[in-house]
Amino acid sequence: MTAALIQMTSSDDPVANLEMTRGYLRQAATQGATLALTPEVTNCVSTSNAHQQAVLQTEENDITLAALREDARALGIWVLIGSLALKTNDPDGRFANRSFLIDPDGTIQARYDKIHMFDVQVSPSETYRESAGFRPGTHAVVAQTPLATIGMSICYDLRFPHLYRSLAKAGAVVLTVPAAFSPITGAAHWETLLRARAIETGCFVLAPAQTGRHAASDGQRARSTHGHSLVIAPWGEVLLDMGTEPGVGMVNLDLARVVEARDRVPSLFHDRDYSTIEARQ
Ligand SMILES: O=C(O)CNC(=O)[C@H](CS)NC(=O)CCC(=O)C(=O)O
């Protein structure tokens, strides 16, 4: 399979973001992608709940989802929408942070709601409370496709290694980690965690990322993200690092490398039971 990672700087305007995404998808298809991947919250990066309430749609009515399904069909490629921020019918009014896998017929083959919410004080002046606006998902998702069996995740999920172990044990050979990582934690942890997940599972890791400073409507706090969309091989090598500029990055994935890595170090299959922890004082 040939993966195209799309690195972009989404604003809080879904219409402008869609235009940008469609351009990148065409570029990816022209360069021979069989799977193109977009970052987390492709449709809208915003720090304002009121703005999100005004511009976001439900899955049924979302313009980004409809257009990208049409593009997947017209271009004849698989598309992983890293995620869309979507309205839900939940009584608490929270949004979903939902990833979609779309086939070359434009059909949605899998959807995944981000499980782990980024409720973190990164620095004295930088706090995130994702769970205030978004409702966490409750299901891990593995999608069997003719390209590969794909385990889905989103951003902060990256810090929960048992999720990826479960996905790999359920058959995943490619893990997707679309993200909008914070600049501080990105510099400290992003590449190391992605390489660790690849090494632990013997999977390819595909991590398309938001990058740069995200334009926000009047009076709202603009956010910045780390960029560095990465592709990691099952043995842990970095196959692609897109730096901080928006664009499309192409990588050929030789899935035989999954078997090779797991043959060399079969730790994925060496779990042991330790139901109790001996606590010593
Ligand atoms: O809120 C949105 O618009 C979309 N969601 C995000 O950007 C999320 C929650 S704020 N970002 C992360 O999970 C970053 C994780 C991270 O940076 C880390 O784990 O260190």
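Within the range 136-149, not a single residue is modelled with pLDDT of 95 or more, of a type in the set (S, T, N, Q) and in contact with a Ser or Thr (Cβ under 8 Å, 6 or more places away or on another chain). The residues of the range 35-75 that are acidic (Asp, Glu), in contact with a helix residue (DSSP H, G or I) (Cβ under 6 Å, 6 or more places away or on another chain) and not in a helix (DSSP H, G or I) amount to a single one, GLU40.
For the range 160-175, the count of residues that are part of a strand (DSSP E or B) and either within 16 Å of the ligand (Cβ to nearest atom) or in contact with a Phe, Trp or Tyr (Cβ under 9 Å, 6 or more places away or on another chain) (or both) is nonzero. Within 25 Å of SER48 (Cα to Cα) and touching a residue at least 12 places away in the same chain (Cβ under 8 Å): does that describe SER125? The answer is no for SER125. Considered as a group, the residues in the range 99-124 that are away from the ligand (no atom under 15 Å from the Cβ) and not in a strand (DSSP E or B) include one that is nearest to the chain's Cα centre (by Cα), and that residue is ASP103. Counting only residues that are in a strand (DSSP E or B) and either without any contact (Cβ under 8 Å) to a residue 60 or more places away in the chain or within 14 Å of the ligand (Cβ to nearest atom) (or both), how many does the range 231-250 have? So the answer is 4.
Would you say LEU194 is crowded, with 18+ Cβ neighbours inside 10 Å, away from the ligand (no atom under 16 Å from the Cβ) and part of a helix (DSSP H, G or I)? When the stated conditions are applied, LEU194 does not pass them. For the range 179-238, the tally of residues that are out of contact with any Leu (no Cβ under 8 Å at 6 or more places or on another chain) and among the aromatic types (Phe, Trp, Tyr) stands at 2. Checking every residue in the range 90-98 against the condition of being touching a Pro at 6+ places or on another chain (Cβ under 6 Å), small (Gly, Ala, Ser), in a loop (DSSP other than H, G, I, E, B) and away from the ligand (no atom under 15 Å from the Cβ) gives zero matches.
Among residues of the range 128-159 being outside any helix (DSSP H, G or I) and near the ligand (Cβ under 10 Å from one of its atoms), the one that is nearest to the chain's Cα centre (by Cα) is ILE154.
The values are calculated or read from the model by the stated rules, or taken from the named source; none is laboratory data. Since the model is a prediction, treat every value here as computed from it, not as a measurement. Please note: Cβ atoms are built from the backbone with ideal geometry, for glycine as well, and neighbour counts cover all protein chains shown.
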